[in-house]
């Protein structure tokens, strides 16, 4: 690493971590959560970044080379499509396979865990996943123990190990070469979302709250230690940067307030507090609107989360969480896609003046930036922060 | 919550699945016309929709109501040969190509049906040609296009343009969380909806109030 770049890395790290600790760094950090947009910048199709690990990393390198951001989220594709092809995943669709070369990947929701699976899941989740769940969501595992399933298991596990190693080495190199720091390390979920996203599905979990509430609660309790461990394991043990936690079914208006208090919050709180006890902060990526729950979220230990503002009322978020938790967000993605650079500039300037003035704020888009954002608008975000964001 | 006169409609509002199933069975057995039973269920659904719009009910209740409706309709549909005939107007709806999210769309479909519209649901990831074809075939004065991914914005714009070129008199409402005045203008749509209630308002603007 050259001296310049290592100095830059230290500067940016200090800037970001100071803001996460609710302090005032030298200027407001820029932490754009950008995904498919990077493929556009690098001139790759989405098929290329989903299937070619080198191009996926090159797109990230190109983005951080051209755009002066303090932190990066990840390489544009979170998946290596080839590894999912090897096992015949039925819940993901990729450009170049089922979709056209420049189409965003798609997640196909299903009820892959049935109500009658709860007991086996609660008894031993890992065993249930291996013997029952994996065969349901992968065509190649349809007959567990068969020659075909065994070969697919070896291929799939090998591909995943390769992907993790290459991605880790690749991003470490990008950090060195461009002096950027990760916005987070490791990944986890709210237990309600672990069950509601990929296991029971939205409809299933909504019915479970009425029909089998005790089983649902027992399954979520089983997931608490697992989700704490998963965040630390996927972070390689790092506790300097927060664990990314995309939050889904807890957004308004999915659950009524009684359900939120009874089903969503208790185990989510345990995961966040459990991580915080181990020194790991959570990047509370609150997609959608979380305004009605801000008071409950404020029960968390000071600084234990970074609260991402998407459609949550930012004035209320500032009032209720500000000073105790860093806020991140909330440039509307529609503005980045169809707005003019002057309008983006005005919005960012207002964010800096009204919400970042006393520190504890990171500039970001409201949601993950996909291929629809205009390059001149992303540049306008950065220019505005560099111009007005100094403390 | 208003208490409805009709016991079946009220059971729907209470999300009492067993009672709904039992009352439907009873009424079918007693020779009550199927259309009448369906209209009781719709009245219940309309009230559920109203409560959702007012913030008394949440998505969890709406999904539950949808499931109850779906289950009893399995028994009722065979009796409904040729459809119900009477409706307030035809609306073609679908999630545009490049997007497979259907939660928002399904809620609007549920509420529009509850409000008495004839809804042609094209599903998800719908190519623009299929929208144009359906609008022509059903002579629909209103088309609803749903998208949740901002990445589907270009596709949304192209689909609006295709429908406007194919059937200039058709009105278009775009729906999804990122819709606003700017996106509406960008796409050339007539209305935008960020909630199911906005979708109903667009339908009322086109077909007139009750």
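Return yes or no: is residue B:49 surrounded by fewer than 22 Cβ atoms within 10 Å (Cβ to Cβ), within 14 Å of another protein chain (Cβ to nearest Cβ) and either modelled with pLDDT of 90 or more or closer than 16 Å to residue B:107 by Cα (or both)? No; evaluated as a whole, the condition is false for this residue.
Only one of A:177, A:163, A:109 is in contact (Cβ under 8 Å) with a residue 40 or more places away in the chain and either more than 24 Å from residue A:80 (Cα to Cα) or within 14 Å of chain B (Cβ to nearest Cβ) (or both); which?
Of A:177, A:163, A:109, the one residue that is in contact (Cβ under 8 Å) with a residue 40 or more places away in the chain and either more than 24 Å from residue A:80 (Cα to Cα) or within 14 Å of chain B (Cβ to nearest Cβ) (or both) is A:109.
Taken residue by residue, segment B:183-191 has no member that is at the interface with another protein chain (Cβ under 10 Å from one of its Cβ atoms), under 22 Å from the mean Cα position of the chain (by Cα) and touching a residue at least 40 places away in the same chain (Cβ under 8 Å).
Among what's in segment B:103-119 and is part of a helix (DSSP H, G or I) and over 8 Å from the mean Cα position of the chain (by Cα), pick the residue that is farthest from residue B:144 (Cα to Cα).
B:103
Here residue B:199 passes the criteria (1) within 14 Å of another protein chain (Cβ to nearest Cβ); (2) touching a helix residue (DSSP H, G or I) at 6+ places or on another chain (Cβ under 6 Å); (3) not in a loop (DSSP other than H, G, I, E, B) except the one numbered (1). Residues of segment B:140-148 include none that is surrounded by 20 or more Cβ atoms within 10 Å (Cβ to Cβ), part of a helix (DSSP H, G or I), in contact (Cβ under 8 Å) with a residue 12 or more places away in the chain and within 14 Å of chain A (Cβ to nearest Cβ).
Taking the numbered list (1) in contact with a strand residue (DSSP E or B) (Cβ under 8 Å, 6 or more places away or on another chain); (2) closer than 20 Å to residue A:357 by Cβ; (3) away from chain B (no Cβ under 14 Å) in turn, residue A:315 passes all entries but (1). The listed residues are A:323, A:360, and the only one of them that is modelled with pLDDT of 95 or more, away from chain B (no Cβ under 14 Å) and buried (at least 24 other Cβ atoms within 10 Å of the Cβ) turns out to be A:360. Checked against (1) buried (at least 22 other Cβ atoms within 10 Å of the Cβ); (2) away from chain B (no Cβ under 14 Å), residue A:222 passes all but condition (1). Looking at (1) free of Cβ contacts under 8 Å to residues at least 24 places away in the same chain; (2) away from chain B (no Cβ under 14 Å); (3) part of a helix (DSSP H, G or I), find the lone condition where residue A:384 falls short. Condition (1) is where residue A:384 drops out.
Hey, could you check segment B:120-139 for residues that are touching a helix residue (DSSP H, G or I) at 6+ places or on another chain (Cβ under 8 Å) and assigned to a helix (DSSP H, G or I) and say which is surrounded by the most Cβ atoms within 10 Å (Cβ to Cβ)? If we take residues in segment B:120-139 being touching a helix residue (DSSP H, G or I) at 6+ places or on another chain (Cβ under 8 Å) and assigned to a helix (DSSP H, G or I), then B:131 is surrounded by the most Cβ atoms within 10 Å (Cβ to Cβ). Restricting segment A:320-352 to residues that are free of Cβ contacts under 8 Å to residues at least 60 places away in the same chain and outside any helix (DSSP H, G or I) leaves a set whose member that is nearest to the chain's Cα centre (by Cα) is A:329.
The values are calculated or read from the model by the stated rules, or taken from the named source; none is laboratory data. Quick caveat, the model's predicted, so the values are computed rather than measured. Backbone-built Cβ (ideal geometry, glycine too); neighbour counts: all protein chains shown.
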